[in-house]
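Down below is the structure, laid out as structure tokens.
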Amino acid sequence: MSERVIPVMDLRQAQVPPLPLQPLPEGALVADALGRPLHDLRISVTDRCNFRCSYCMPKEVFDHYHQFLPHAELLSFEEITRLASVFVGLGVRKLRLTGGEPLLRRGIESLIAMLAALRTPEGQALDLTLTTNGSLLARKAAALKAAGLQRITVSLDGLDDAVFQRMNDVGFPVGEVLRGIETALDVGLGPVKVNMVVKRGVNEDQILPMARHFRDHYGGAVVLRFIEYMDVGATNGWRMDEVLPSRELLARLQAEFPLRPLDAAAPGETAERWAYADGRGEVGLISSVTQAFCGDCNRARLSTEGKLYTCLFAHAGHDLRALLRGGASDAQMRAALGALWSRRDDRYSQLRGQGQALPGDGSRRVEMHYIGG
């Protein structure tokens, strides 16, 4: 049998032209080239993960030979907090910590406490959340809550242990993730969101068991969201025939449970919301492949070592760490971020759905584990 070789370019070294540092008035909010505001910032605190899910970090690529970032290249907690503060001045009101697996970052509770102390210009606390695979949640939930974390999202791709272990590809048991969800609810990190990535022919038989479990056991305390398998990065072997469209998934749910549509909870929300007709909670559908939501996307992503990505499907990031460590003032950082966001015109999913030429075709997209989902 011949070996299968998957070439991987180190996107961490991708560069873009330097940003102009023209002054931006204090208190001025920014909108991009398509009129979209800057509201959410997703912060990757590590490029490491203890799972090897095929849609994110396939084991044949991210094996024991793979070189992760050395600690000195990661943004420090102080650098992350400083950048977050500048983003808040431009309109960010929600911070989400991601990875890799963010609970692998040593001392993550200290960072949460620092971010929880930030305030908007009006003096309001930010919406501070974290996404995790749940493997360490049972032992860390209480400390996360005490540090100031408000809510948590758990990635879980099936209830059947064999299916789940095949998905995470490291033999991690589903029971430990479920225990983490219970603990998170017990300490007040609710309502908990549970994200399930659905791959046709792999875990689609888990859709109804997942819906029944969280509806019957938790009602509105846990919101289950189904995510279409996306073409993020270049190493997951994505194919359209492995995508289960949300419309088809919704039909399966409606055949089992009467559902009624709900309005979006906030501008730019990615999930289409459906409530159980009997009032026992809700489910969400995230359809970034078949029903692009680029039109009101208000999210920026900060990579582990300080590159800013303005789209989940980006090919290159802007090096904010160089500004931080090069002595830039907050005013200069603000000007740079304002200039970057104002010229943003990303709409990858929308163009893909329309069959149009995609920006950066021929270049490799950044991997999901590097900038979070």
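Here are the numbers:
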{"quantity": "Subset tally (residues that are assigned to a helix (DSSP H, G or I) and in contact with a helix residue (DSSP H, G or I) (Cβ under 7 Å, 6 or more places away or on another chain)) for segment 145-170", "calculated": "5"}
{"quantity": "Selection status of THR131, open to solvent by less than 50 Å² (accessible area, probe 1.4 Å), more than 16 Å from ALA221 (Cβ to Cβ) and of a type in the set (Ser, Thr, Tyr)", "calculated": "yes"}
{"quantity": "Set GLY134, GLY175: member being among the small types (Gly, Ala, Ser), touching a strand residue (DSSP E or B) at 6+ places or on another chain (Cβ under 9 Å) and either modelled with pLDDT of 95 or more or in a helix (DSSP H, G or I) (or both)", "calculated": "GLY134"}
{"quantity": "Every residue from segment 194-213 that is open to solvent by less than 10 Å² (accessible area, probe 1.4 Å) and part of a strand (DSSP E or B)", "calculated": "VAL194, MET196, VAL198"}
{"quantity": "Qualifying positions in segment 109-134 - more than 17 Å from the chain's Cα centre (by Cα) and touching a residue at least 60 places away in the same chain (Cβ under 8 Å)", "calculated": "LEU111, PRO121"}
{"quantity": "Matching residues in segment 140-154 - criterion: being small (Gly, Ala, Ser) and crowded, with 21+ Cβ neighbours inside 10 Å", "calculated": "ALA141"}
{"quantity": "Test: residue in segment 7-19 that is basic (Lys, Arg), in a helix (DSSP H, G or I) and at pLDDT below 90", "calculated": "yes"}
{"quantity": "Filter result (under 23 Å from ARG151 (Cα atoms), within 17 Å of the chain's Cα centre (by Cα) and either in a loop (DSSP other than H, G, I, E, B) or free of Cβ contacts under 8 Å to residues at least 40 places away in the same chain (or both)) within segment 57-102", "calculated": "VAL92, ARG93, GLY99, GLY100, GLU101"}
{"quantity": "One residue from LEU90, LEU75 being in contact with a helix residue (DSSP H, G or I) (Cβ under 7 Å, 6 or more places away or on another chain) and closer than 14 Å to ARG301 by Cα", "calculated": "LEU75"}
{"quantity": "Residue in segment 287-300 that is charged (D, E, K, R) and open to solvent by 30 Å² or more (accessible area, probe 1.4 Å) present", "calculated": "yes"}
{"quantity": "Residue within segment 337-345 that is modelled with pLDDT of 90 or more and in contact with a Phe, Trp or Tyr (Cβ under 9 Å, 6 or more places away or on another chain) present", "calculated": "yes"}
{"quantity": "Which numbered condition VAL170 misses (of (1) closer than 30 Å to THR81 by Cα; (2) over 18 Å from the mean Cα position of the chain (by Cα))", "calculated": "(1)"}
{"quantity": "Odd one out for GLU26, checked against (1) modelled with pLDDT under 85; (2) touching a Cys at 6+ places or on another chain (Cβ under 9 Å)", "calculated": "(2)"}
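Here's the yes/no breakdown for (1) open to solvent by less than 10 Å² (accessible area, probe 1.4 Å); (2) in a loop (DSSP other than H, G, I, E, B); (3) at pLDDT below 80:
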| residue | (1), (2), (3) |
| --- | --- |
| PHE226 | yes, no, no |
| ASN236 | no, yes, yes |
| GLU248 | no, no, no |
| GLN254 | no, no, no |
| ASP263 | no, yes, no |
| PRO267 | no, yes, yes |
| ARG280 | no, yes, no |
| VAL283 | yes, no, no |
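The values are calculated or read from the model by the stated rules, or taken from the named source; none is laboratory data. Since we're looking at a predicted model, the values are computed, not measured. Neighbour counts are summed over all protein chains in view; Cβ atoms, including those assigned to glycine, are modelled from backbone coordinates with ideal geometry. Keep in mind that these areas ignore ligands, DNA and RNA; they rest on the heavy atoms of the full protein, side chains included. Shrake-Rupley method; radii C 1.70, N 1.55, O 1.52, S 1.80 Å.
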